[in-house]
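These notes concern the structure reproduced below.
The values are calculated or read from the model by the stated rules, or taken from the named source; none is laboratory data. Because the structure is a prediction, the values reported are computed rather than measured. Cβ sites come from the backbone with ideal geometry, for glycine too, and all protein chains shown count toward neighbours.
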Amino acid sequence: MRTAFLKRLVNLARRDKRICLVVGDLGFSVVEPFMNEFPDRFLNAGVAEQSMTSIATGWSLAENKTVFTYSLANFPTLRCLEQIRNDCCGHNANVKIISLGSGITYGQSGYSHFAVEDLAVMGAMPNMTIFTPGDPYEAEKIADLALQTPGPAYIRLAKNGERRLSDKKYSFGIGELIEYKSGKDVCLIGIGSILSECMEASRLIEGDISLAVFGLPVFKPVNENLAVEVIRKFPYIATVEEHSSYGGLASVVGEIMSRNRLNSKLLKFALPEGFDKIGSQPELRSSCGLTAGQIAETIKRAIDA
Amino acid sequence: MIKFNNLVKYAQSVRIKALNCVYKSKASHIGSGFSCVELLVYLYSRWLNVSPSLARDPNRDRFILSKGHAAAVYYAMLAEFSFFPNEWLDRYCEIGSLLGGHVQHNVPGVEISTGSLGHGLPIAVGMAIAAKRAQKKYRIAVLLSDGEMECGSNWEALNMASAQKLDNLTVIVDRNGLQAMGFTEDILPMDNLEQRVAAFGCAYKLIDGHNFQDIESVFKRTPFTMGKPSVIIAKTIKGRGVSFMENKLEWHYRSPDTVQYEAAMKELKNI
């Protein structure tokens, strides 16, 4: 989805002269097309995420630009959190933060490269819109949506090779739940690349349990009315995310259910706090009960119990 | 442009207004404000292309007060130059007032909110890059405290400023020698600050930050070197203008009691 997003960004930049890109010395082999075509709107800020973020803010405010920052995992978010809060959000600047490597995408790189508290932290930032595409199709749509939405944004991308979640073309607005697969027993809501496991889980369990799969490609602000309409139809809700179980999707869904007195049972699939194992992404998912088979099995047990 | 000979009077008026602010509100940082009165008055009266009528002009010069805790003095100066009514100062730090203890951009004349140190210079670098890339002629100035030069983000930004040859950027360091817990030289010595900024690719000048002649002669020469950011290290005195506040750490925090207020006012008015 990274490639799809950046290709779309280059396309948009041809029409929209406001678009600039500032990278934190990362993006080798993917940001070059932008850099070569728009050298005046590109900057490598170096390994200096604090100044990268403030520079993006100053650039945006002085000349009314939409400045995208780009780096990996927690580098463009946690490393420069106060710059995001005070500079980008405090001035409602058009700075769009792209982080590559959502969740445990970089499993073999270890703890330093796990972006698993980012939704909790970025979700608390004022004026911040958060994008969590599930596949390349959504990533491309999100490039447009981020550009149309004023103010700061956080765009959480996985790396490459995610399969399409749906054959259909569809559009989505801010905070809308998207239905990829219908069902009636369990409503499974996922965000990001782990939605592929959700789709597979639904297939594995078919015949036994009717599992609907929904995504939330714009995580914040969530469209609560729409979420309530969906959630109230199901006796079981399951949230699936490559994020800590604190402050991510499970928290958001749980809060909506509580506020709206929805009595469905909530199952949460997330990473344990302080997760620091090493391995490939599939191996690490497996170690936390986040593979399609494990999700299907856990849901089955919960319903049978 | 305001006449050079009137600058001293403006500085005196700004100090009196700022002292009233912190006396009434019991707020802090009067010492930090008093060290940069002349610098601010000079910038807004004779160097920056800004005024209340140019506040939204896309070609105006941009100024950022990175040491946002000097808010009382900055706001007093903005009121002095008619960015908003003087009466607003009467409600400094009160509920419902726009004017708080650290600079906020919803106040007329303020470009950027500050208060956490180490933010203003990197933002100024972003603005200077924006101007260069858009081939605009406006200039960007940022005023920092010397203690603030301990922030790594400033050195990230200077690194970029020289790499991008930002000669439209002027960085002013209010070198009063005191930071929140004591003298800078006792905490993290920076007596060779000018060598450090030179090593980062900046052109620099040292000035007496309370002497308008000195200030003007140096600011007139910016950019000092084509293709390089200009850094002005202004030697100043914390608490300047009130004898018992000068070079005293406690006036980073204290607000004057009635006796101190009256004594200070007497000194300021007798200049």
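Listed here are the residues, each with its yes/no results for (1) more than 20 Å from residue B:46 (Cα to Cα); (2) buried (at least 19 other Cβ atoms within 10 Å of the Cβ).
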position: B:213; (1), (2): no, no
position: B:222; (1), (2): no, yes
position: B:226; (1), (2): yes, no
position: B:232; (1), (2): no, yes
position: B:238; (1), (2): yes, yes
position: B:241; (1), (2): yes, yes
position: B:248; (1), (2): yes, no
position: B:252; (1), (2): yes, yes
position: B:256; (1), (2): yes, yes
Subset of the stretch B:61-71, residues touching a Ser or Thr at 6+ places or on another chain (Cβ under 8 Å) and not β-branched (Val, Ile, Thr), comes to B:65, B:66, B:67, B:68, B:69, B:70
Residues of the stretch B:154-167 being surrounded by fewer than 24 Cβ atoms within 10 Å (Cβ to Cβ) and of a type outside the set (A, V, I, L, M), in sequence order, are B:155, B:159, B:162, B:164, B:165, B:167
Quick count over the stretch A:82-106, residues being in a loop (DSSP other than H, G, I, E, B), touching a helix residue (DSSP H, G or I) at 6+ places or on another chain (Cβ under 7 Å) and of a type outside the set (A, V, I, L, M), is 6
Across the stretch A:44-60, the tally of residues that are more than 7 Å from every other protein chain (Cβ to nearest Cβ), out of contact with any Pro (no Cβ under 8 Å at 6 or more places or on another chain) and surrounded by 24 or more Cβ atoms within 10 Å (Cβ to Cβ) stands at 1
Of the residues in the stretch B:159-180 that are in contact (Cβ under 8 Å) with a residue 40 or more places away in the chain, not in a strand (DSSP E or B) and not polar (S, T, N, Q), the one that is farthest from residue B:115 (Cα to Cα) is B:165
Tell me, yes or no, whether the stretch A:82-101 has at least one residue that is over 30 Å from residue B:131 (Cα atoms) and away from chain B (no Cβ under 14 Å). yes
For the stretch A:196-220, pairs from a residue that is under 28 Å from residue A:122 (Cβ atoms) to a residue that is basic (Lys, Arg) and part of a helix (DSSP H, G or I), with Cβ under 8 Å and 6 or more apart or across chains, are A:197/A:285; A:217/A:141
When (1) within 14 Å of chain A (Cβ to nearest Cβ); (2) outside any helix (DSSP H, G or I); (3) buried (at least 24 other Cβ atoms within 10 Å of the Cβ); (4) in contact with a Lys or Arg (Cβ under 8 Å, 6 or more places away or on another chain) are applied to residue B:63, the one that fails is (4)
The number of residues in the stretch B:27-60 that are in contact with a Ser or Thr (Cβ under 7 Å, 6 or more places away or on another chain) and modelled with pLDDT under 95 is 2
For residue B:172, the lone unmet condition from (1) more than 16 Å from the chain's Cα centre (by Cα); (2) more than 8 Å from every other protein chain (Cβ to nearest Cβ) is (1)
Filtering the stretch B:224-237 down to residues that are among the charged types (D, E, K, R) and in a loop (DSSP other than H, G, I, E, B) yields B:228
The condition from (1) more than 12 Å from every other protein chain (Cβ to nearest Cβ); (2) surrounded by fewer than 24 Cβ atoms within 10 Å (Cβ to Cβ); (3) more than 23 Å from residue B:206 (Cβ to Cβ) that residue B:150 misses is numbered (3)
Within the stretch A:66-76, the residues that are farther than 11 Å from residue A:52 by Cα and β-branched (Val, Ile, Thr) are A:66
Filtering the stretch A:118-129 down to residues that are within 12 Å of the chain's Cα centre (by Cα) and surrounded by fewer than 24 Cβ atoms within 10 Å (Cβ to Cβ) yields A:120, A:123, A:129
When restricted to B:221, B:240, B:254, the only residue part of a loop (DSSP other than H, G, I, E, B), at pLDDT below 95 and more than 15 Å from residue B:149 (Cβ to Cβ) is B:254
*Has the stretch B:87-98 got at least one residue that is part of a helix (DSSP H, G or I) and of a type in the set (Phe, Trp, Tyr)?*
yes
Considering the stretch B:103-142, residues that are hydrophobic (A, V, I, L, M, F, W, C), in a loop (DSSP other than H, G, I, E, B) and more than 8 Å from chain A (Cβ to nearest Cβ), and then whichever is surrounded by the fewest Cβ atoms within 10 Å (Cβ to Cβ), we arrive at B:107
When residue A:168 is run through (1) within 15 Å of the chain's Cα centre (by Cα); (2) outside the structural domain of residue A:11 (by TED's automatic domain parsing); (3) of a type in the set (Lys, Arg), the failure sits at (1)
Within the stretch A:107-127, residues away from every other protein chain (no Cβ under 14 Å) and either part of a strand (DSSP E or B) or within 16 Å of residue A:219 (Cα to Cα) (or both) come out as A:115, A:116, A:117, A:118, A:119, A:120, A:121, A:122, A:123, A:124, A:125
Just one listed residue, out of A:194, A:209, is farther than 24 Å from residue A:70 by Cβ and of a type in the set (A, V, I, L, M, F, W, C), and it is A:209
Per the filter on the stretch A:166-196, residues touching a Lys or Arg at 6+ places or on another chain (Cβ under 9 Å) and surrounded by 24 or more Cβ atoms within 10 Å (Cβ to Cβ) are A:187, A:188, A:191, A:192, A:193, A:194
Going through the stretch B:190-218 in order, the residues found to be part of a strand (DSSP E or B) and acidic (Asp, Glu) are B:208
If we ask which residues in the stretch A:265-293 are part of a helix (DSSP H, G or I) and closer than 14 Å to residue A:190 by Cβ, their number turns out to be 2
The condition of being assigned by TED's automatic domain parsing to the domain that holds residue A:267, at pLDDT 95 or above and in contact with a Cys (Cβ under 9 Å, 6 or more places away or on another chain) holds, among A:213, A:186, only for A:213
